Each structure stands twice: as C-alpha cells, then as structure tokens.
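Structure first, commentary second.
What follows is calculated from the coordinates using simple rules that are stated; it is not laboratory data. These figures come from a predicted structure and were not determined experimentally.
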Amino acid sequence: MNTTDQQNEFRSWKILPARLDSTQTAWYLGFEPHEIPMLIAANLLKPLGKPARNCTKYFATEALEQLRRDEKWLARASDAIAAYWRQRNARKRKS
C-alpha cells in the first residue's frame with residue numbers, strides 16, 4: 001500500500017484515535033510529514049509525554065483539532081516552515 005492509499009484510508013476513518021503519530025498528524029493538519037519536526041522545533045506543536053529524540057512521537061487528536069481550526073496558528077506554522085527553508089538555503093549559499 002503506497003502513501004496515497006494510506007492517506008486516503010486515514011481520511012476515510014469516521015472516528016479518529018485519541019492519539020496520532022507524526023505522519024497521521026501531518027495528514028490531519030494538512031502539512032507534509034517531514035514538516036512536523038520543524039513545527040516541534042519551533043514550539044508550535046507539542047508531542048504527548050516526554051518522548052526520546054529517536055522514538056515515535058504521538059499527538060492528542062483533540063489538541064490537533066483545535067489547532068486545525070485556528071487560522072492564526074496555521075499562519076504561524078506556515079511562516080515557521082518558510083523561515084526554516086529560508087535559513088537552510090541561506091546556509092547553503094554561503095558555502
């Protein structure tokens with residue numbers, strides 16, 4: 001099953017589980033899976049508990065639902081991702 005099939009299956013769920021992993025979180029919020037660590041680093045998204053750096057991170061569906069409806073948060077998250085890539089590309093140009 002490829003990623004698109006998995007994403008379509010996830011979107012067809014009538015009831016979401018209480019916690020979502022980072023890929024499901026990205027699909028739910030409308031971001032790409034590789035952008036979730038950027039949002040965590042910018043303190044715009046907080047995983048449940050205190051997960052180690054190298055373990056799976058889960059997020060509360062109820063909290064994500066509130067963020068998904070918050071236009072200001074979505075704008076800040078989009079700006080944080082753009083700033084990340086702007087900084088990364090600037091570092092690349094300097095070397």
Nearby lysines by direct alpha-carbon distance to K50 (threshold 28 angstrom, same-chain neighbours under 8 apart not counted): K72
Inverse mean reciprocal Cα-Cα distance (Kirkwood Rh) of the chain, Å: 14.5
